[in-house]
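In what follows, a single structure is set out as structure tokens and then discussed.
The values are calculated or read from the model by the stated rules, or taken from the named source; none is laboratory data. These figures come from a predicted structure and were not determined experimentally. Neighbour counts are summed over all protein chains in view; Cβ atoms, including those assigned to glycine, are modelled from backbone coordinates with ideal geometry. The accessibility values were calculated without ligands, DNA or RNA, using every heavy atom of the protein model including side chains. Shrake-Rupley method; radii C 1.70, N 1.55, O 1.52, S 1.80 Å.
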Amino acid sequence: MVLIGFMGAGKSSVGRALGKRLGWTFEDLDDRIERREQRKVSEIFRDSGESEFRRAEHEALKELLHELRPGTERIVALGGGAFVQKNNVRLIEASRAHTVFLDADAAELWRRCREQTERQGVERPLLGSLPNFRELYEARRSHYSKALLRQETMGKTVEEIASALVVALGLDIRHERRGEK
């Protein structure tokens with residue numbers, strides 16, 4: 001399963017919660033990029049530019065998807081721009097992974113990103129100003145809408161979103177059959 005959406009949509013938080021609930025492996029693609037490149041995403045953007053980041057992102061995604069085998073149960077959170085890149089979409093489609101678009105309105109996503117930046121010191125290279133944030137969100141939204149499933153996240157906790165996805169994807173039945181709750 002591949003979680004997609006804009007900055008602040010909750011891809012990493014929901015992915016971790018889903019992984020824990022289902023007993024599946026969770027991986028944030030940005031973490032893999034940072035390990036491979038031996039520097040933070042914000043440093044790649046700052047020192048090498050967005051095009052170099054997108055190259056590193058594509059290579060990391062290709063590596064990750066190559067590792068998947070039939071029956072592999074893994075949840076992957078993509079960065080906000082990954083699903084906008086045609087070469088990444090082709091890789092994901094070829095892998096036959098389910099794509100889930102976590103969505104909320106731009107004002108809510110902006111609030112979450114600002115709060116995370118202030119609380120945790122998380123650097124978001126493309127955060128910018130609210131008008132630029134909205135513009136980027138609108139430009140990317142049509143790409144995200146190509147996902148198999150869209151899950152609204154407005155006003156919901158991470159656990160509520162994870163539960164809704166388990167039901168929407170029919171994973172609760174399969175999960176219970178293994179004797180787990």
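A compact table of results
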read-out	value
Meets criteria (in contact with a Gly (Cβ under 8 Å, 6 or more places away or on another chain) and more than 29 Å from Asn132 (Cα to Cα)) for Thr72	no
Unique residue being on the phi > 0 side of the Ramachandran plot and among the polar types (S, T, N, Q) when the list is Gln85, Gln38	Gln38
Single unsatisfied condition, Arg16 versus (1) within 23 Å of Phe133 (Cβ to Cβ); (2) open to solvent by 40 Å² or more (accessible area, probe 1.4 Å)	(1)
Selected residue (criterion: most open to solvent (accessible area, probe 1.4 Å)) from residues of the stretch 1-13 that are of a type in the set (Gly, Ala, Ser) and closer than 23 Å to Glu93 by Cβ	Ser12
Condition check for Ala82: under 26 Å from Glu37 (Cα atoms) and either without any contact (Cβ under 8 Å) to a residue 24 or more places away in the chain or surrounded by 18 or more Cβ atoms within 10 Å (Cβ to Cβ) (or both)	yes
Filtered residue count, the stretch 98-138, keeping only those that are assigned to a loop (DSSP other than H, G, I, E, B) and either open to solvent by 90 Å² or more (accessible area, probe 1.4 Å) or modelled with pLDDT under 90 (or both)	10
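Conditions (1) surrounded by fewer than 22 Cβ atoms within 10 Å (Cβ to Cβ); (2) assigned to a helix (DSSP H, G or I); (3) within 11 Å of the chain's Cα centre (by Cα); (4) of a type outside the set (S, T, N, Q), marked per residue:
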position: Asp31; (1), (2), (3), (4): yes, yes, no, yes
position: Glu34; (1), (2), (3), (4): yes, yes, no, yes
position: Asp47; (1), (2), (3), (4): yes, yes, no, yes
position: His66; (1), (2), (3), (4): yes, yes, no, yes
position: Arg69; (1), (2), (3), (4): yes, no, no, yes
position: Ile75; (1), (2), (3), (4): no, no, yes, yes
position: Leu91; (1), (2), (3), (4): yes, yes, no, yes
position: Ala94; (1), (2), (3), (4): yes, yes, no, yes
